[in-house]
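Q: Please read through the structure below; I'll follow up with questions.
The values are calculated or read from the model by the stated rules, or taken from the named source; none is laboratory data. Because the structure is a prediction, the values reported are computed rather than measured. Cβ placement follows ideal geometry from the backbone for every residue including glycine, while neighbour counts extend to all protein chains displayed. When the accessible area is computed, the model is the full protein with side chains, heavy atoms only, and any ligands, DNA or RNA have been set aside. Shrake-Rupley method; radii C 1.70, N 1.55, O 1.52, S 1.80 Å.
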Amino acid sequence: MGLATGVAIAASALSVAQPAVAADTWLTQLDDGYVRFAVPNAAVESAVGPVSQLVIEGNLGASANWAQFGLSRSGDTWTGTLGPLEPGLYYYQVTGDDSKPFKDPTNPTSVASEPEWSTFFIEGESAAPLADAPEEAGSIETLNYHSDVAGEERSALIWTPPGYRERGKPYPVLYLQHGGGQSYRDWVEVGRAEQILDNLSLSGELADMVVVMGNGNVPDFPSELVDNLMPAVRDAYNVSNAKKDRALAGLSMGGGQTFEVLRTHPGMFAYVGTFGAGRFGDLSDIPVKKINKQTELFRLYVGNQTDVAYNDVYESMRQFDAMGLDYQFDGANPDAGHNWNAWQENLIDFAPRLFHGKKTGDPGFSEGHTAIEERFELPPAGTTPTPWITEDGFVTFETTTEFADAEYVSVWANWGPGGSWLRVEMNKVGDRWRATVGPLDPWSYYYRFIVDGVSVKDTSNPTKVTTEPTWSTFFIPGEESRLLADVAPGTGGALEVLTYQSAVAQQERSAFVWTPPGYDADRAEPYPLFVLNHGGGQSWTDWVEVGRARQILDNLTLDGAMEEMVVVIPNGNVNNYPAELLDNVLPAVEGAYNVSEDPAERAIAGLSLGGQRTMSLLLTNPGEFAYVGAFAAFLFSVPSGVDVAKVNAETELVRLYTGDITDFTYPNVMALMETLDGLGVEYEFNGVTVGPHGWDVWQKNLLDFAPRLFKAE
C-alpha cells in the first residue's frame, strides 16, 4: 500500500453556504479546511461522455494559481479529499480527460463570465474580510443604462453603504473594473467585493462611498466610462460630481484601462489604483505635471513572480521614476499570482485609503510584501537542467523537445496541502513545454510529467526513484527542511549496500545499511540496530531515493538528537517477512557490522504495508524488538495466541503515526488502535500528521521516531 500512482487523480468535495440544488451535493465541506468531492460517473457521462480521468481544477495551487486535484474512481463515483485549505474563496470546475470542463450542477454558486465555475468559501481569521458581514450592511443593485459606445443596453453593479441616503450630502464614488475575459459581475461573484466593502464599512475603515462595478468590454473604455457610465450613475444615485470625490481602480486589463483614463483625463479621478497591471503602452507622452498635481493617490499592486504583470510593473516603475511621476507601490504579494486572491487583498488595501482628504494611509508596502529589485527572467529554453530553482523557491520545469507535438502536458507533484498531489498545466514554449510553480515551502519534492495522459520521466533530471520509473525529485532548502538537507561532505554517516542470500526468496538480495559518522567496526560496545521498512509497491531503495532517510539520519546524529546506531533498510517484498527478517536480514547485518544482537537494542519501524509487517511481527514475535514504530499502519487480522503480557513486558516503546483524513489508511490506523486497546497492548499515538498517504508525512514520522530510540528514559 505505497503511494498511489495512477493517472486518474483524486478530487475533494466542497460545501457552500447556500442550500444545495440537488439531494446529493458533489462537494462536502468538512471541518478544519478539508473538502471532499464525490462525483457520480453517470453525471460525468451525461455532461461530457465517458472519461478516463477526472479532476477538480481551480485556484488550488501554490500562490493560489490554477491547479488540478485528481479524483479516483471507485465503483460508480469519482471521489477525493483535499486539505487543509487556507481560509478564503475557492473557484473550481470539473474537467474530464484534460479538455472536457463542466460545472458542478449541485453547487448553486455561479460565475457569469466562467459558466463552468462554482465557488466555495473556507472560513478563518485570515479570510475574515471576505466573510459574510455579521450584520446588515451595504446593498448590491443592478444599474441598467444605454451605452452609445457599445451601441446596446448595458449593466453595472452598484454597492451602496449601510444607511445610504438618496438625498442630502452626495457620496464619493469608486469605479472598480474587472479584467480581460471577465464581466461586471466578477468582482461580486468571485472577488467577494460585497463582503469586503461590507466588512470594511462596518469596521469603520471605509469612508461612506458608492462603488460601481461596470462593464469594461468595449473598444474605447475612457469614453464608455466618462460619457455613458458616469452620467448614468449620477442620474440614479446620490453621488458627488466633484473630482476629489472620485476614485478609479481595475485589475489586469481593467488596470490598463484605469491607467489610460489617468493618462487621457488627468485629474478626473483623485484616487487611482492598478491591480496586477503594468503594461501601459508608450509612456513618453504622459502629462506628468498634471497627474502629479491633480491626483491624490496613484497606487500600484502586483502579485509575485508568477503574476504575468510582475515584469511589466517593474519596467513601468522604472520609467515612472525616470520621468518623475508620483506613485506608490504596495510591494509584490509573495503569496499570490495573477488571480483573485491577490486582487481581493488589493481592494482591501486600496479602498480604505480613499476620500479622507490628504490622508491616504501609509505609503509603504502591505505587511509581508516585497520590493521588486529586478525582472524575473527564466533561462533560455534548453540551456539549464530542470527543474530550475530560484533562491526564493520558484521552480521552473521544462521538457525536452521530444514532446513538441504533444497536445497537453502537465507536471504532477506533491506540492498540495500536506504533500498531496496536484497537477499544473505546462505551456508550449517553442518546441518545449514549461511551467513555473512557487514559491514552494522548503522540503523535498517528487514529480513526473503527464504527456497526453501518459506518465513520463523528466529525463533532464538525473535523480531517480527505482520503484517509480517516471518520478524525479528536487529539494528546496530552508530552515523547515534543514533536517532533510545534505550535510557537509565528509561529516555524515556512510551508506552502503549489503548483499546477502535469502533462503525465503531463494535469491541474492540487497539492503541499504547506514552507519553513523565515526562508525567504529572494532568498538567494544556494539551499536544498536534500527530496521526501517518500506511500503507496498516500494522496495529497499525508496527510503533513500525519495524518503531522504540518509539525510535525516545524518542530521539528527550530528545535532546530537539521535543515539548512534546502525540502520538497515531491507527489501520486505517476500511471502514470509518475519522469516526473511529474523533468519536472513539480521544475521547478515550482524555478520557484516558491529551491531548488538540484544533485542533490547533493536528497533523496527515501517510505513503502510511495512507498518503492517512491523505490527504483525510485534504481536507474533514479542521481544525481538524493544522499540516499534508504525507509520500509517494496519492489521489484516489479529494473529492468534498473542502473548500480550510478553509484548508489554519486553517492548520499551510502541508508537503509532498516521496522516490526516486525506490518508486512505487513516481509518485503518484508528481500527488498529481499537484492536490494540481490546488486546491490552500498550502503545503511544503521535497524533495526526497533516498530510496524505505520502512521503511528507512519513519523513516527519521518522524525524519524530528516530530520536526516541535507545534512550534510558
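Q: Kindly establish whether Ala649 is more than 13 Å from Leu679 (Cα to Cα), open to solvent by 60 Å² or more (accessible area, probe 1.4 Å) and at pLDDT 95 or above.
A: Yes; evaluated as a whole, the condition is true for this residue.
Q: Please state which one of Gly591, Gly560 is more than 41 Å from the chain's Cα centre (by Cα) and open to solvent by 10 Å² or more (accessible area, probe 1.4 Å).
A: On inspection, the qualifying residue turns out to be Gly591.
Q: OK, next. Report every pair of residues separated by at least 6 positions or lying on different chains whose Cβ atoms are under 9 Å apart, first residue within the range 580-600 and within 16 Å of Gln501 (Cα to Cα), second assigned to a helix (DSSP H, G or I).
A: So the pair list comes out as Leu581/Arg613; Leu581/Leu617; Leu582/Leu617.
Q: Name the residues in the range 110-150 that are among the hydroxyl-bearing types (Ser, Thr, Tyr), farther than 25 Å from Pro231 by Cβ and over 23 Å from the mean Cα position of the chain (by Cα), would you?
A: Answer for the range 110-150, where residues must be among the hydroxyl-bearing types (Ser, Thr, Tyr), farther than 25 Å from Pro231 by Cβ and over 23 Å from the mean Cα position of the chain (by Cα): Ser110, Ser113.
Q: Another question, if that's okay. Looking only at the range 36-62, count every residue that is touching a Ser or Thr at 6+ places or on another chain (Cβ under 6 Å) and open to solvent by less than 10 Å² (accessible area, probe 1.4 Å) and tell me the total.
A: 2
Q: Considering only the range 131-161, state which residues are open to solvent by 70 Å² or more (accessible area, probe 1.4 Å), farther than 29 Å from Phe121 by Cβ and either in contact (Cβ under 8 Å) with a residue 40 or more places away in the chain or touching a Pro at 6+ places or on another chain (Cβ under 9 Å) (or both).
A: His146, Asp148
Q: Mind checking which residues of the range 594-623 are on the phi > 0 side of the Ramachandran plot and surrounded by 23 or more Cβ atoms within 10 Å (Cβ to Cβ)?
A: Selection gives Ser608 alone.
Q: Now a separate question. Which residues, counting only those in the range 527-557, are of a type in the set (A, V, I, L, M, F, W, C), assigned to a strand (DSSP E or B) and within 31 Å of the chain's Cα centre (by Cα)?
A: Result: Leu532, single match.
Q: Exactly one of (1) open to solvent by less than 40 Å² (accessible area, probe 1.4 Å); (2) assigned to a strand (DSSP E or B); (3) not small (Gly, Ala, Ser) is unmet by Phe475. Its number?
A: (1)
Q: List, please: which pairs have Cβ atoms under 7 Å, are six or more places apart or on different chains, and start with a residue in the range 372-386 that is under 13 Å from Arg432 (Cα atoms) and end with one that is of a type in the set (Lys, Arg) and surrounded by 12 or more Cβ atoms within 10 Å (Cβ to Cβ)?
A: Final answer for the pair search is Ala381/Arg432; Gly382/Arg432.
Q: Kindly indicate whether any position in the range 621-641 is without any contact (Cβ under 8 Å) to a residue 60 or more places away in the chain and more than 24 Å from Asn573 (Cα to Cα).
A: yes
Q: Please count how many residues of the range 259-276 are charged (D, E, K, R) and under 37 Å from the mean Cα position of the chain (by Cα).
A: 1
Q: Hey, Gly518 hits all of (1) crowded, with 19+ Cβ neighbours inside 10 Å; (2) among the small types (Gly, Ala, Ser); (3) more than 19 Å from Asp704 (Cβ to Cβ) but one; which does it fall short on?
A: (1)
Q: Residue by residue through the range 284-305, note down the ones that are over 25 Å from Lys358 (Cα atoms), open to solvent by 10 Å² or more (accessible area, probe 1.4 Å) and touching a residue at least 24 places away in the same chain (Cβ under 8 Å).
A: Passing the criteria: only Gln305.
Q: Determine which single condition Arg523 fails, assuming it passes every other condition in (1) open to solvent by less than 10 Å² (accessible area, probe 1.4 Å); (2) over 16 Å from Phe625 (Cβ atoms).
A: The one condition Arg523 does not meet is (1).
Q: Among the numbered criteria (1) assigned to a strand (DSSP E or B); (2) touching a Ser or Thr at 6+ places or on another chain (Cβ under 6 Å), which single criterion is violated by Thr258?
A: Thr258 satisfies all of (1) assigned to a strand (DSSP E or B); (2) touching a Ser or Thr at 6+ places or on another chain (Cβ under 6 Å) except (1).
Q: Gly267 fails exactly one of the following numbered conditions: (1) of a type in the set (Gly, Ala, Ser); (2) assigned to a helix (DSSP H, G or I); (3) surrounded by fewer than 19 Cβ atoms within 10 Å (Cβ to Cβ). What is the number of that condition?
A: (2)
Q: Are there any pairs with C-beta distances below 6 angstrom linking a residue in the range 351-364 that is surrounded by 11 or more Cβ atoms within 10 Å (Cβ to Cβ) to a residue that is among the β-branched types (Val, Ile, Thr), with the two at least 6 apart or on different chains, and if so which?
A: Arg353/Thr360
Q: Scan Tyr164, Tyr175, Tyr184 and give me the residue that is farther than 19 Å from Asn346 by Cβ and either touching a residue at least 12 places away in the same chain (Cβ under 8 Å) or part of a strand (DSSP E or B) (or both).
A: Tyr164 is the lone residue from the list that is farther than 19 Å from Asn346 by Cβ and either touching a residue at least 12 places away in the same chain (Cβ under 8 Å) or part of a strand (DSSP E or B) (or both).
Q: When you look at Asp335, is it closer than 26 Å to Ile286 by Cβ and under 26 Å from the mean Cα position of the chain (by Cα), yes or no?
A: No, not satisfied.
Q: Ok, one more. Identify, please: which residue in the range 704-713 is in contact (Cβ under 8 Å) with a residue 12 or more places away in the chain and out of contact with any strand residue (DSSP E or B) (no Cβ under 8 Å at 6 or more places or on another chain) and is, among those, farthest from Ala485 (Cα to Cα)?
A: Filtering the range 704-713 for residues that are in contact (Cβ under 8 Å) with a residue 12 or more places away in the chain and out of contact with any strand residue (DSSP E or B) (no Cβ under 8 Å at 6 or more places or on another chain), the one farthest from Ala485 (Cα to Cα) comes out as Lys711.
Q: Here are some residues: Leu532, Leu483. Which one is open to solvent by less than 30 Å² (accessible area, probe 1.4 Å) and aliphatic (A, V, I, L, M)?
A: Testing whether each residue is open to solvent by less than 30 Å² (accessible area, probe 1.4 Å) and aliphatic (A, V, I, L, M) leaves just Leu532.
Q: Can you pull out the residues in the range 409-456 that are out of contact with any Leu (no Cβ under 7 Å at 6 or more places or on another chain), part of a loop (DSSP other than H, G, I, E, B) and not aliphatic (A, V, I, L, M)?
A: Asn414, Trp421, Gly430, Asp431, Gly438, Pro439, Asp441, Pro442, Asp452, Gly453
Q: Do we have any residue at all in the range 188-209 that's within 17 Å of Glu114 (Cα to Cα) and open to solvent by less than 20 Å² (accessible area, probe 1.4 Å)?
A: For the range 188-209, residues within 17 Å of Glu114 (Cα to Cα) and open to solvent by less than 20 Å² (accessible area, probe 1.4 Å): present.
Q: Among the residues of the range 365-391 satisfying the criterion of being farther than 21 Å from Val308 by Cα and open to solvent by 80 Å² or more (accessible area, probe 1.4 Å), which is farthest from the chain's Cα centre (by Cα)?
A: By that ranking, first place goes to Thr383.
Q: May I ask you to verify whether Glu125 is free of Cβ contacts under 8 Å to residues at least 40 places away in the same chain, open to solvent by 20 Å² or more (accessible area, probe 1.4 Å) and closer than 16 Å to Ile348 by Cα?
A: Answer is yes for this residue.
Q: Could you list, in sequence order, the residues of the range 667-703 that are over 30 Å from Glu545 (Cα atoms) and either open to solvent by less than 10 Å² (accessible area, probe 1.4 Å) or in contact with a strand residue (DSSP E or B) (Cβ under 8 Å, 6 or more places away or on another chain) (or both)?
A: The answer is Met673, Leu676, Val681, Glu682, Tyr683.
Q: Next question, about the same structure. Please go through the range 421-431 and pick out each residue that is open to solvent by 10 Å² or more (accessible area, probe 1.4 Å) and within 17 Å of His693 (Cα to Cα).
A: Selection gives Trp421 alone.
Q: Six or more apart or on different chains, Cβ atoms under 9 Å: show the pairs whose first residue is in the range 266-280 and hydroxyl-bearing (Ser, Thr, Tyr) and whose second is modelled with pLDDT under 95.
A: Close Cβ pairs satisfying both conditions: Tyr271/Thr360.
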